[in-house]
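**Q** Pasting a structure here, questions to come.
Just so it is clear, none of the values below were taken in a lab; they were calculated from the coordinates. Here the structure is a predicted model, which means the values were calculated and not measured. Note that we place each Cβ from the backbone using ideal geometry, even for glycine, and neighbour counts take in every protein chain shown.
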Amino acid sequence: MFTVAQVATEGVLAEAERNAYVADGTVLECGGRTTSAGGIPPLPRRLSLAAGDRLVLTRDLTPVDLPASGAAARIGCTLPEAVAALRPGQPVVFDDGAIDAVVESTAAGEATLRITRTKPGGQRLGAEKGINLPETESPLPALGAGRPQVQIVPPRLKLPANGVVFRSNARRHGEQKWSPRNKAVVPR
């Protein structure tokens with residue numbers, strides 16, 4: 001049962017004494033009249049991933065439901081050029097090195113990944129976590145392009161959240177010599 005706490009022209013604020021899980025679009029009834037709840041943001045969800053799982057990385061940012069058991073999960077990437085640049089066999093690292101994956105196949109606007117490493121028992125991947133593409137050729141200018149100083153970041157070092165970091169574009173601009181241990185370029 002809800003109690004109306006505040007009435008405004010755009011709607012009402014209702015309260016309850018116990019927890020109630022109401023999603024956007026839930027139909028509410030009072031005195032024989034119905035209305036739909038609106039303006040309720042979705043709860044952030046996290047995917048549970050383990051070694052061997054499939055994950056589809058796509059440039060489509062449309063929210064999707066959690067996958068059925070055994071089905072590949074889908075997540076969007078805010079940088080479509082990153083998804084387009086992926087090639088089979090390339091590594092992909094999520095959440096500051098918490099999850100490792102390898103690209104199995106690519107299609108228009110998406111790449112299917114196989115999770116290769118998580119912590120024992122699996123790892124949860126939430127929204128707005130960083131994606132590191134250590135062996136992917138970037139079609140974009142290096143993060144340090146136009147700047148004389150760049151810093152080499154070793155693999156699995158904490159990188160900025162929400163970032164997509166490419167390895168090799170700076171090499172084309174003559175900014176830094178590379179060794180196999182160097183994986184990402186981040187401006188100082």
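**Q** Would you mind checking which residues have amide H under 5 Å from Ile99's amide H? H placed 1.01 Å from N; only 5 or more apart, or other chain.
**A** Placed amide hydrogens put Phe94 under 5 Å from Ile99.
**Q** Let me ask something additional. Count the net charge of all other residues whose Cβ sits under 15 Å from the Cβ of Pro120, scoring Lys and Arg as +1 and Asp and Glu as -1.
**A** Details: positive: Arg117, Lys119, Arg124; negative: Asp53, Asp100.
In short, +1.
**Q** Search the structure for amide H atoms under 5 Å from the amide H of Val56, placed 1.01 Å from N in the peptide plane, and list their residues when 5 or more places away or on another chain.
**A** Ala73, Arg74, Ile75, Leu113
**Q** DSSP loop (so not H, G, I, E, B), at most 15 other Cβ within 10 Å: list which GluC sites (Glu not before Pro) in the stretch 1-105 pass both filters.
**A** In loop regions of the stretch 1-105 (DSSP not H, G, I, E or B), the sparsely surrounded GluC sites (Glu not before Pro) are Glu10, Glu17.
**Q** May I pose another question? How much length is gained if the chain between Leu66 and Glu137 is pulled fully straight, taking 0.36 nm per residue apart and subtracting their Cα-Cα distance, in nm to one decimal?
**A** Additional length available on full extension: 22.5 nm.
**Q** Here's a follow-up. Which of the trypsin sites (Lys or Arg not before Pro) found in the stretch 1-57 are in a DSSP loop and have at most 11 neighbouring Cβ atoms, other than their own, within 10 Å?
**A** Here the trypsin sites (Lys or Arg not before Pro) that fit, given the DSSP loop and packing criteria, are Arg18.
**Q** Based on the Cβ-Cβ distance from Tyr21 to Thr78, what FRET efficiency comes out when R0 is 45 Å, to the nearest 0.05?
**A** 0.95
**Q** Taking amide H positions as placed 1.01 Å from N in the peptide plane, with prolines and chain starts having none, which residues 5 or more places from Arg124, or on another chain, fall under 5 Å of its amide H?
**A** Leu49
**Q** I'd like the Karplus ³J(HN,Hα) series for the stretch 61-69: coefficients 6.51, -1.76, 1.60, θ = phi - 60°, whole numbers in Hz, and an x wherever there's a Gly or Pro.
**A** 9, 5, x, 10, 6, 4, x, 5, 4
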